[in-house]
1. In whole Å, what three semi-axes, largest first, describe the equivalent ellipsoid of the stretch 43-133 built from its Cα gyration tensor (square root of 5 times each eigenvalue)?
2. In what sequence do 180, 96, 74 fall when counting other Cβ within 10 Å, fewest first?
3. In which sequence would 110, 160 go, from the one with the fewest C-beta neighbours within 10 Å to the one with the most?
4. Which order do the peptides 134-140, 89-95 take when ranked by the mean count of other beta-carbon atoms within 10 Å per residue, highest first?
5. Based on the inverse mean of 1/r over its pairs of different Cα atoms, what is the Kirkwood hydrodynamic radius of the stretch 97-163, in Å?
6. Assuming a ≥ b ≥ c are the square roots of the Cα gyration tensor eigenvalues, decide whether the stretch 154-204 counts as rounded (a/c under 1.5), prolate (otherwise, with a/b larger than b/c) or oblate.
7. How big is the stretch 77-214 on each of its three principal axes, counting only the C-alpha atoms and giving the largest first in Å?
C-alpha cells in the first residue's frame, strides 16, 4: 500500500509465537535484562501511524578492552552478541515505542576478530514489520584506531516482539514506510527470511510432537 508516495509495508501473517523463545540458538524471550511471559494473542487496537527506517536507525561503538577479550586478545563472541542484541533492541523500541522481547536470532557468523584496542561499530536498521514483530538487521565492523583500517566482522538478523507493559501480550506495531530501492529490496529479502523461519518453526514443532515434547 502506498501513502503520500511512500510504500507502507507490513507482512501478512499470524501473531508472534512465543515458542521461538525455546528454540536452540535463540536469544530467549525477555525484556532486556528481565525474563517475561506473555500470551500469543495480539491486543486489538487502532493501528499506529507508520514510521520510516531512519526513524529508528541506531549506531553504537565500543572500544574493546581487556575485560572484553578472550585468551587470544580478541573480543569474546558472547560480548559481540550482547552488543548486537542491545543495538537491535533499541531499534525495535524506537519503532514500536513499546517494551520489546528478543524472539529469535538468525545465523550469526564471526568473519574476523576484533582485537583489544580496536573499535567495534554496531549498525542496526529495521527491515521487516509484522503485526506485532519486527526484524532488525545488525552489521558489525571493526576499526583500528591507529591506522584507520576497517573490516566487516559479521551480520545478524534478529526478531523482536512488542508487548503491552501491563498485560505482557503482543501488541500491534507501526507499519514500516519504505523510502528507497535499497529498503524495498531488504524488505523483500526479509519476507523470504520470515518464510524460512516459519518453516523451521513448523519443522521443530513437528519434531517435538513426534518426540512427545510439549
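Please treat every number below as a calculation from the coordinates, not as lab data. Computed from a prediction, not measured in an experiment: that's the story for all the values here. We place every Cβ from the backbone using ideal geometry, glycine too, and count neighbours over all the protein chains shown.
1. Details: eigenvalues 198, 33, 21 Å².
Equivalent-ellipsoid dimensions as semi-axes: 31, 13, 10 Å.
2. Numbers: 180 12, 96 25, 74 20.
Lowest count first: 180, 74, 96.
3. Numbers: 110 14, 160 29.
Result, fewest neighbours first: 110, 160.
4. Values: 134-140: 25.1, 89-95: 23.0.
By packing density, highest mean first, the sequence is 134-140, 89-95.
5. Numbers: mean 1/r = 0.0752 Å⁻¹.
This gives a value of 13.3 Å.
6. Values: a/c = 2.25, a/b = 1.21, b/c = 1.86.
Oblate shape, in that a/c is at least 1.5 and b/c is the bigger or equal ratio.
7. Principal extents (largest minus smallest coordinate, Cα): 54, 39, 33 Å.
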